[in-house]
1. Sort 57-66, 1-10, 92-101, 238-247 by packing, meaning the average of other beta carbons within 10 Å per residue, with the highest value first.
2. At 7 Å along the Cα-to-beta-carbon direction for both residue 19 and residue 227, put a label point, then send me their distance in nm to one decimal.
3. Could you state the per residue volume, in Å³, of the convex hull enclosing the Cα atoms of region 57-198?
4. Evaluate the Debye formula for region 46-125 with equal point scatterers sitting on the alpha carbons, no solvent, and hand back log10 of I(q)/I(0) at q = 0.13, 0.16, 0.19, 0.25 Å⁻¹, in q order, two decimals.
5. Would you mind getting me the FRET efficiency between residue 104 and residue 252? Use the beta-carbon distance for r and R0 = 45 Å, nearest 0.05.
6. Measure out, as a whole number of angstrom, how far apart the alpha-carbon centroids of region 1-58 and region 89-168 sit.
7. Calculate log10 I(q)/I(0) of region 140-221 for q = 0.15 Å⁻¹, where I(q) comes from the Debye formula with a single equal point scatterer on each Cα and nothing for solvent.
8. If packing is taken as the average count of other Cβ atoms within 10 Å, what order do 174-180, 49-55, 203-209 fall into, highest mean first?
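Every read-out reported here was derived from the displayed coordinates using simple, explicitly stated rules and does not represent laboratory data. Bear in mind that the values here come from a model prediction, so they are computed numbers and not experimental data. Please note: Cβ atoms are built from the backbone with ideal geometry, for glycine as well, and neighbour counts cover all protein chains shown.
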Ligand SMILES: [Zn+2]
C-alpha cells in the first residue's frame, strides 16, 4: 500500500488566509503529522512537499507545480492520492472533493469524511464532485479534503488549536486505513527522527541529498527573519546546512564561512 500525501499550496502560494492563519502552514503540519501515523500502519508514504516551498521548486508557476505534484504520485505508482486543504469562502465544516462519482475515489472519500466530521464536531458538507487539477490529472484514485474554513471565526478557532490539527491528522489516518482495509493502530505520531534545516532555499539541492541519506526526512527552510520553524526543534536530530547554529541539543552543523565552505562540509558529510 502506497499513498501520495499532498499538502495544499506552499512557498509562493499561501493558499487561503484568515484569522492570522495561512492554509499552506496548516496543510503541511497535518501532513507531516499524518505521514508517520500511516507508516506506523504499514502504508508507504511519499509527499509532494515536506517544507514551505512549491513542489518542483516551481515558485510562481501554478500549472507547473500542480503538474509536479501529479508527477510525484505517478512516478511513485501510488495507490491513492490525498490532497489536504483548508477551505475559505464563508462556510463551515468538512468536505471531501473527488473528480467524478462512482469510482474508488468516491469510496475513499466516503471512508475519510466521517472521521473528519466526527473528530471535531465539524459540520458535514458531504462528498462533492469538482474539476480540480490534481484530482483530474492523477491516474490513481484521488481525493482532496477541505478541513474547516479559515475565514470562519468558529472554524479558525479550531484550526488554531494544535490538538485539533493533530486530531485531523488522526482522522485522515483512520479513513485511509479503512479504505485499504487495515485495522487502524494509534501511534507513529511521535516527533521527527531527523530534520534538515536550510539557511535559505539556495541550499535546497544539498539539503535534498542530506535528506535522502536520512531516509528522505523533512526539510525546513529558515524564515526570512532567520527564525527556526517549531517542528525542527522537536526533531531528535537536527542537521543544519549553512549555519548559524541553533540551540538544538543534537545538532549536526554543516556550515562554513562561505557557501563554498558549506558545500565542502556537506560533501564531506555525504561521503
Ligand atoms: Zn487549498
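1. Details: 57-66: 14.9, 1-10: 24.1, 92-101: 20.2, 238-247: 18.1.
Descending packing order for the listed peptides: 1-10, 92-101, 238-247, 57-66.
2. 2.1 nm
3. Details: hull volume 21.0 nm³, N = 142.
Value for region 57-198: 148 Å³ per residue.
4. -0.54, -0.79, -1.02, -1.18
5. Values: r = 43 Å, r/R0 = 0.95.
Working from the Cβ atoms, E equals 0.60.
6. So the separation of the two Cα centres works out to 14 Å.
7. Cα-only, vacuum Debye calculation for region 140-221: -0.87.
8. On the way: 174-180: 21.6, 49-55: 23.3, 203-209: 18.4.
In descending order of packing, they fall as 49-55, 174-180, 203-209.
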